[in-house]
Amino acid sequence: MLPHEAALKAYLRSHFPDLRDVDDVVQDSYMKLLEARRQHEIVSPRAYLFTTARNAALSILRRPRIFSDQPVTDLIDPGVIETSPDVTQILNQRQEIAMLMDAIDALPQRCREIFILRKLQGVPQKEIALRLDLSVMTVQVQVTRGAAKCAEYFRKRGVTRS
């Protein structure tokens, strides 16, 4: 078998240039030849070896490729990894939103209503004044008070300084 190895590799490389693992095909062919010799006499070991190698190569090339030849590190898009928020960031945002909602809930009813309309819903001060039958100055004062009370709420809980 060994005297035929160089010729077998050359045959496989010339007839199957897309075959990546010529050495594996040769080794598999040797194994099949040895197994066949245990069961019956092989008249032409060279022909048997070449035929077995050819069939193995065809089998490999016919198989659909499940895995890419490209290294895994080349498949990773660093932009996607870097731009997506991690679990910690998402959790922090949710906690901040929950705390803000608690701060807003702690505002007096009229102040809370005006603050929500202006800061969360983006309604203009003039429209709020018209809706609630208030002066624009009252709306402005209530929004300022609401923001100050929310800031105080955060300071008391150690979320912000000063």
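The values are calculated or read from the model by the stated rules, or taken from the named source; none is laboratory data. All of these numbers come straight from a predicted model, not from anything done at the bench. Here the Cβ is made from the backbone with ideal geometry for all residues, glycine too, and neighbour counts use every protein chain on show.
The conditions of being of a type in the set (A, V, I, L, M) and either assigned to a helix (DSSP H, G or I) or in contact with a Lys or Arg (Cβ under 6 Å, 6 or more places away or on another chain) (or both) are met by Leu100.
A quick yes/no check of all residues on (1) in contact (Cβ under 8 Å) with a residue 24 or more places away in the chain; (2) of a type in the set (S, T, N, Q); (3) out of contact with any helix residue (DSSP H, G or I) (no Cβ under 6 Å at 6 or more places or on another chain):
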| position | (1), (2), (3) |
| --- | --- |
| Arg110 | yes, no, yes |
| Gly122 | no, no, yes |
| Val139 | yes, no, no |
| Ala151 | no, no, yes |
| Phe154 | yes, no, yes |
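Yes or no, residue by residue, for (1) in contact with a His (Cβ under 8 Å, 6 or more places away or on another chain); (2) modelled with pLDDT of 90 or more; (3) crowded, with 17+ Cβ neighbours inside 10 Å:
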{"position": "Phe115", "(1), (2), (3)": "no, yes, yes"}
{"position": "Leu132", "(1), (2), (3)": "no, yes, no"}
{"position": "Gln140", "(1), (2), (3)": "no, yes, no"}
{"position": "Ala147", "(1), (2), (3)": "no, yes, no"}
{"position": "Tyr153", "(1), (2), (3)": "no, no, yes"}
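The selection criterion, being in contact with a Leu (Cβ under 9 Å, 6 or more places away or on another chain) and outside any helix (DSSP H, G or I), does not hold for Leu33.
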